[in-house]
Structure formats: structure tokens, C-alpha cells
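Everything below concerns the one structure shown next.
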Amino acid sequence: HDGKLYFSVDGKIKTQVICLDSATGDTVWVFDRQSESPRKFSFTTPVIIKVDGKLQLISPASDIVQSINPKSGKLIWQVKYDGYSLIPKPVYHNGLLYVCTGYNTPWLYCIDPRGEGDVTDSHVRWSIQRQIPHTPSLILNDGKLFMISDRGIGSCLDATTGETIWQERIGGNYSASPILNNGNIYFTSEQGDTTIIKASEKYEVVAKNSMGESTLASFAVDDGAIFIRTDSHLYRIE
């Protein structure tokens, strides 16, 4: 973003967020999480959002999600929870932030990102604990939140209230994150089966396709083509 590369280092011992100059590799700043989590390792990708005209770098980690000023590397706010080995990417929609909390039992937190300091008790709009993914990231579209649990339960929630609109067993096991395309959501299982559903308040399957090979990777999309990496091939599908 803006000539800078942001990434997290959440290992067994060291827990940091780092900003590098993408042209030179020079360190711009290092944010020390000062983590007290007994299991510090996590694997999330941070995102940059704009709140009231100002940028925030959102970086979830074990037991905590933090908002950092992307220019200075200073803490803006944080929310604490119980969770480790976080994988899903946070998503932002209509002024609200959505974060999954990882293992052992994943929760989904909806956070108002307009606070300062520790806002755990003041800015969490709602949280739920039913069929939340450990691994796949979330899809937000038109005020609705779509997700697939690692064990194949698909859900559609009202993004404002957290109310469940529908929940269905899609089947299979899931590591890949879904994608949204032309009003449809693509869920691809570890078994290589893709279920395409309407991104709507009614559960409606549009199509099912099987690669016949296992896959853990999320789709890559470019110029009208989908790229799929299985355990033995790389496919381009148009």
C-alpha cells in the first residue's frame, strides 16, 4: 500500500508487525505486539481500511486484534479475545470490521473501528460462535456475510446484527477461501469439489463442479480466468 509492504510476524517467540519500503527493503517501522498469549503463533494477512477519512492497518493475532497507524506504526485501538493460530483475513464493510478468533473454538467478532486504546468492552457490536471457520476467510456482499466452516457448513448472516439468515451443510472439508463473482459465491472443498451458490438471502445452488483432485489453495482470479492449484496440477479455467 502506497509504496510500503506490511506484514505480521507471529511466531512462537517474536510477535511483531513490520513495515518495509517496498522499493528498497528498508525498515520503516516495527510494531511490538507485547503479546501475553501462551500460544503466540498466527498466520493472518493484515488489511488497510479507511475510517472517517483516516487509514488503519488491521492485524489480528493470537488473543488480540490491533489497529495500527500505517504511517507511524503506533497503536490506534485493540480488542482482546481468546484464540490462537488465526488464519482468516479480516474484512471491512459499511463501517464495521469482522474478525475470526482462531483455535480452539472460533468466534466471529463484529467491531466498530472508531475507538482508541483498549476497546474490548466498548466497541464490540456482537460476537457469535456457531460454525465459524478456522481457516477460510469471509465474504461480505450487500449487507450479508457469507462463510464456510472447515467441516463444510455454509452460513449467511446479517452483517449488521449477526442474525443467521440461513445455514446449510454443503459437504466436504474446507481450507480455501471463497470468492465472489457476478452475484455468485464459489466454495471449493479440500476434495476438489466446488459448490457455487447465489449470494442471496435464500440458499440456492447454481452449479457443482469437481476437479477430481484434492486442493487446499484459494482461487486466483485474473482477466476473466480462474487459476486452481491442486495437489498435482495448476489449472486455468475461463
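Brief remarks on what is shown
- Residues in the range 198-237 that are open to solvent by 80 Å² or more (accessible area, probe 1.4 Å), under 29 Å from Gly143 (Cα atoms) and part of a loop (DSSP other than H, G, I, E, B): Glu201, Lys202, Glu204, Leu216, Asp223.
- Candidate set: the range 96-116, residues that are of a type outside the set (D, E, K, R) and open to solvent by 30 Å² or more (accessible area, probe 1.4 Å); chosen: the one nearest to Ile58 (Cα to Cα): Tyr109
- Filtered residues of the range 138-169 (kept if open to solvent by 10 Å² or more (accessible area, probe 1.4 Å) and assigned to a strand (DSSP E or B)): Ile139, Leu140, Asn141, Lys144, Ile153, Asp158, Thr164, Ile165, Trp166, Gln167, Glu168, Arg169
- Members of the range 84-108 found to be over 20 Å from Ser8 (Cα atoms) and part of a strand (DSSP E or B), listed by number: His93, Leu96, Leu108
- Flag if Ser67 is open to solvent by 10 Å² or more (accessible area, probe 1.4 Å) and more than 19 Å from Pro136 (Cβ to Cβ): no
- Of all residues in the range 33-50, those being within 22 Å of the chain's Cα centre (by Cα), surrounded by fewer than 17 Cβ atoms within 10 Å (Cβ to Cβ) and within 22 Å of Asp118 (Cα to Cα) number 5.
- Every residue from the range 1-33 that is polar (S, T, N, Q) and free of Cβ contacts under 8 Å to residues at least 12 places away in the same chain: Thr24, Thr27
- The lone criterion from (1) in a loop (DSSP other than H, G, I, E, B); (2) on the phi < 0 side of the Ramachandran plot left unmet by Gly172 is number (2).
The values are calculated or read from the model by the stated rules, or taken from the named source; none is laboratory data. Quantities reported herein were computed from a predicted structural model and do not represent experimental measurements. Neighbour counts run over all protein chains shown; Cβ positions are idealised from the backbone, glycine included. Heads up: the accessible areas ignore ligands, DNA and RNA and are worked out on the full protein's heavy atoms, side chains in. Shrake-Rupley method; radii C 1.70, N 1.55, O 1.52, S 1.80 Å.
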